[in-house]
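A quick write-up on the structure given underneath.
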């Protein structure tokens, strides 16, 4: 299997102090104690990772035009001690590289045509094509929450995510496109994936509906270290209701 990896560069350990808004953190650098403002490229709640004193790893930017000099790169699960990527956009970069190299078995017969393809009222992450002339719309979602070794999405109510999967279901039924969603857990301790019913039952129901309409649902893990993130292996997907994913989940395929 081709290794698809993105290096992090030099990271600096810090302690989380607060979150003034969704995209801004306050942290104290471990090496100096200096309090700094940090850009967070993940709008999720992240409550299981960002609590007072929690370790975070930051990367410094020398771009003078940025409001903040620092970006949040990694957090750490307090129970499993697994590192978790805090950059939701990384999953798109990983999947783009994998598709370009034909490294995703799920889409082995679907070469990459383009990224950020606009169709209907949405912009989709990837447009794939087949030698037979068919096209596939692929949406990629970043997952950071894991409970009892189950990767769960979302960690906050997502009206946008619900709209996306319902639009994919509609496009699938119209027959012009094949459609798929790929959930990527940016951590290594997940054994399977399920929608987070307790947090967003509307999204969970929409995902089950989309799957029943023919939308493919896939999931993958990642290997995360202080040096890099590596796209990992496929995870079984469970689309049954909450409380049932301990009774035996299998991949939709």
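The values are calculated or read from the model by the stated rules, or taken from the named source; none is laboratory data. On a predicted model such as this, the values are computed, not experimentally measured, just so you know. Note: ideal-geometry Cβ built from the backbone for every residue, glycine included; neighbour counts use all protein chains shown.
Listed here are the residues, each with its yes/no results for (1) in a helix (DSSP H, G or I); (2) within 15 Å of the chain's Cα centre (by Cα); (3) farther than 15 Å from residue 153 by Cα; (4) touching a residue at least 24 places away in the same chain (Cβ under 8 Å).
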{"residue": "193", "(1), (2), (3), (4)": "no, yes, no, yes"}
{"residue": "202", "(1), (2), (3), (4)": "yes, no, no, yes"}
{"residue": "206", "(1), (2), (3), (4)": "yes, no, no, yes"}
{"residue": "209", "(1), (2), (3), (4)": "yes, no, yes, yes"}
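Look at the stretch 109-142 and say how many of its residues are loosely packed, with under 15 Cβ neighbours inside 10 Å and within 21 Å of the chain's Cα centre (by Cα).
Matching residues across the stretch 109-142 total 4.
Yes or no: residue 109 free of Cβ contacts under 8 Å to residues at least 60 places away in the same chain and not assigned by TED's automatic domain parsing to the domain that holds residue 57?
yes
Can you go through 191, 168 and tell me which one is buried (at least 20 other Cβ atoms within 10 Å of the Cβ), closer than 29 Å to residue 100 by Cβ and assigned by TED's automatic domain parsing to the domain that holds residue 119?
168
Could you say whether any residue in the stretch 96-106 is out of contact with any helix residue (DSSP H, G or I) (no Cβ under 6 Å at 6 or more places or on another chain), under 23 Å from residue 158 (Cβ atoms), assigned by TED's automatic domain parsing to the domain that holds residue 196 and modelled with pLDDT under 95?
yes
Quick test for you: out of 56, 84, pick the one residue that is in contact with a strand residue (DSSP E or B) (Cβ under 8 Å, 6 or more places away or on another chain) and closer than 30 Å to residue 103 by Cα.
Exactly one of 56, 84 is in contact with a strand residue (DSSP E or B) (Cβ under 8 Å, 6 or more places away or on another chain) and closer than 30 Å to residue 103 by Cα, namely 84.
Here is a yes/no grid of residues against (1) assigned to a strand (DSSP E or B); (2) farther than 30 Å from residue 173 by Cα:
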{"position": "50", "(1), (2)": "no, yes"}
{"position": "71", "(1), (2)": "yes, yes"}
{"position": "79", "(1), (2)": "no, yes"}
{"position": "84", "(1), (2)": "yes, yes"}
{"position": "97", "(1), (2)": "no, no"}
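Looking at (1) at pLDDT below 95; (2) more than 20 Å from residue 75 (Cβ to Cβ), can you tell me which one residue 199 breaks?
Residue 199 satisfies all of (1) at pLDDT below 95; (2) more than 20 Å from residue 75 (Cβ to Cβ) except (2).
Considering 230, 184, 157, which residue is surrounded by fewer than 23 Cβ atoms within 10 Å (Cβ to Cβ) and in a strand (DSSP E or B)?
Step by step, each of 230, 184, 157 is checked, and only 230 is surrounded by fewer than 23 Cβ atoms within 10 Å (Cβ to Cβ) and in a strand (DSSP E or B).
Could you please find all residues in the stretch 28-48 being crowded, with 17+ Cβ neighbours inside 10 Å and on the phi > 0 side of the Ramachandran plot?
Scanning the stretch 28-48 gives a single hit, 46.
Evaluate the stretch 14-27: report whether one residue or more is touching a strand residue (DSSP E or B) at 6+ places or on another chain (Cβ under 9 Å), outside any strand (DSSP E or B) and exposed (fewer than 13 other Cβ atoms within 10 Å of the Cβ).
No: zero hits.
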